[in-house]
Amino acid sequence: MASSNAHLPTGESFDATAAQAGNLTSAWARPWTASPDVAQIHDPNGGWLSRGDLEMQSARRAGRLAALGLVGGDRVLLSAESSGDLVLSYIACLRMGLVVIPTNTAYGRRELEHVITDAGPRAAIVDDPERSEAIAEIAPNLMRLPPRLDLPDGPTPALEKTLPESPALICYTSGTTGQPKGAVLSHANCLASAEGLRLAWRWTEADRLLLSLPLFHMHGLGVGLHGTLYNGGSAVLYRGFNPEQILTGITDYEATLFFGVPTMYHRLANAPRTTELSKLRLCVSGSAPLPAVLHEEVEGMSGQRILERYGMTETLMIASNPHSGERRSGSVGFPLPGVELRLRGDPEEIQVRGANVFDGYWDNAEANEASFTKDGWFKTGDLGSVDEDGYIHIVGRAKELIISGGFNVYPREVEDVLREHPAIEDVAVVGEESAEWGERVVAYAVTRETLELEALRASVGDRLAPYKHPRGLYRIDALPRNALGKVQKHRLTGGRVLSE
Ligand code: MLC
Ligand code: AMP
């Protein structure tokens, strides 16, 4: 399936060559210079940064980074909560061709160590003193910098010189191996996706986004922040998600857009004054399946028909329900402009191709070989179907993945850590359905002695980010295995082992 005309406004088309010209910050800089006084990013601590502030302060910060000896192509790890400083420093990095590695602020030492060892960053921008200490222990030679970058100024290096095919981001995301891999996204990949979303969602500089998604994953960063800057719009940043704050912010900031994961919509639907959502031009849901009942519930309460879309770190955005036309519950709509999608295999897997799709994982030939077909399509690991009207449905996953509150959890990684507990003889981690979280991480364990969930979690400590910790522990006599010894996880449900 090629990208669908369902997304294109009258008279517009997707021009892949134009979309990928230059680099991210040359595209973002156009509105900065055209009208510098316009407010663009609202800091969670209060106060707006104007377009001109973004231009000037990021250039100044690039000078400071260059004075430290950082040069284009160097990798910089980013580990910080949302703030104006984080945005300015991020822009500074990209303007001078540094490659940014955004990492989840919930990562503990073990998770950070893997990323640092794999990607070899020269500097880390980190806001938390404890995390900074952990990084120092892992890599004593790594420069550690606060998001403010309050360092001595230096001459501004060459800006906006990065080639479109150069990497902008390395985003760690795991496959079936349990060890996260660095998906390398070029400036061209990010630009192509931003242009597709501009067209499909009619995103303009008049739009104002309430952005409470974290800026260390594709949804908040590659969709929310990049889209805002690409379209010359504005965004109100929040540190964490609070439904009341969002519902109040709609009027206070005269917002037009909200993007969230289904857990956020679940909480908005349970907050007083859900009706406020009706004042927004567009609400988008993604990163995990939006249950049809929640979709209908939000519409029933507020009149707002959420637009569900589908994406992935390696590909940025893939498919979306139409802006104009039916937003179908349980479906992710049609391929976005510039994206081709096909179904292959039995069961049918979604495969994608397009300027938005990354070239491969960082230093990982084996994973690259496994992730693309011989004819160049990326294998998403998601199972799909297409209905009679051409709407795509995600019907399951070929990959072992739990999505909890929009965060990905790889059962294998959790199992490896749990297995180190002396009372655990055998363990399997699965996702249990949850109205709030979509899926909850739970462990089915064969234990040598009594073991309580809290004790298990305490022993895991910071070896796993808290969102990966099991929220339920079921003790069973034996894990169900097939003749080849593979655990039959589909039989682990409701706290017991179902018979075959
Ligand atoms: C927090 N907790 C979670 C969790 N988030 N547990 C399971 N799953 C999660 N997602 C736990 C914490 O560890 C803590 O538990 C307790 O919940 C309260 O923590 P909190 O920080 O106060 O939680 P809260 O702020 O309420 O966070 C919920 C949330 C957050 C939904 C706002 O999870 C979130 O921002 N999710 C968005 C994730 C995202 O951006 N995904 C995009 C990936 S990109 P304890 O027990 O330790 O106290 C992608 C591609 C695409 O997928 O298509 O977009
Ligand atoms: P990540 O690796 O964090 O980028 O997560 C990507 C995965 O999230 C996809 O492969 C899907 O499994 C899932 N995903 C994203 N959007 C949706 C959606 N709208 N419905 C169902 N799954 C989704």
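The values are calculated or read from the model by the stated rules, or taken from the named source; none is laboratory data. What you are looking at is a predicted structure, and each value in this text was computed from that prediction instead of being measured. Note: ideal-geometry Cβ built from the backbone for every residue, glycine included; neighbour counts use all protein chains shown. Remember, those area values only see protein heavy atoms, side chains included, never the ligands or the DNA or RNA. Shrake-Rupley method; radii C 1.70, N 1.55, O 1.52, S 1.80 Å.
Some notes on this structure:
- Cα gyration tensor category, rounded, prolate or oblate, for region 404-447 with a/c compared to 1.5: prolate
- Sorting the segments 266-277, 489-500, 356-367, 316-327 by their mean number of nearby beta carbons within 10 angstrom, highest to lowest, gives 316-327, 356-367, 266-277, 489-500.
- For region 128-197, the list of trypsin sites (Lys or Arg not before Pro) that fall in a loop by DSSP and count at most 15 other C-beta atoms within 10 angstrom reads R148, K161.
- The chain, dipole about Cα centre (Lys/Arg Cβ +1, Asp/Glu Cβ -1), debye to the nearest 20: 240 debye
- Between T493 and L498, the built amide H atoms are under 5 Å apart, and every one of these is 5 or more places off in sequence or on another chain.
- Expected-Rg normalisation [2.2 N^0.38 Å, Cα atoms] applied to the chain: 0.96
- Phi-based couplings in Hz for region 63-80 (Karplus 6.51, -1.76, 1.60; Gly and Pro marked x): x, 5, 5, 5, 5, 7, x, 6, 10, x, x, 5, 9, 10, 7, 10, 9, 7
- Close amide H contacts of A124 (hydrogens built in the peptide plane, cut-off under 5 Å, sequence separation of 5 or more or a different chain): L77, M143, R144, L145.
- Dipole magnitude of region 308-385 about its Cα centre (Cβ charges: Lys, Arg +1; Asp, Glu -1), debye to nearest 20: 360 debye
- 3J(HN,Hα) along region 45-54, derived from phi through the Karplus expression 6.51 cos²θ - 1.76 cosθ + 1.60 where θ = phi - 60°, amounts to 7, x, x, 9, 9, 7, 4, x, 4, 4 Hz, with x in place of Gly and Pro.
- Beta bridges per DSSP with both ends in the chain, % antiparallel, nearest 5: 60 percent
- Fraction of accessible area attributable to carbon and sulfur, the chain (%, probe 1.4 Å): 49 percent
- Overall form of region 401-497: oblate. Here a/c, set by the Cα gyration tensor axes a ≥ b ≥ c, is 1.5 or more, and a/b is not larger than b/c.
- Less than 5 angstrom separates the built amide H of Y474 from those of A443, Y444, A445, all sequence-distant by 5 or more or on a different chain.
- For region 255-315 and region 70-142, distance of Cα centres in Å: 31 Å
- Cross-link partners for K489 among the lysines, with Cα-Cα distance under 26 Å and sequence neighbours closer than 8 places in the same chain left out: K181, K379, K399, K468.
- Mean ellipticity per residue at 222 nm, deg cm²/dmol - from DSSP H runs of n ≥ 4 across the chain, formula -39500 (n - 2.57): -8000 deg cm²/dmol
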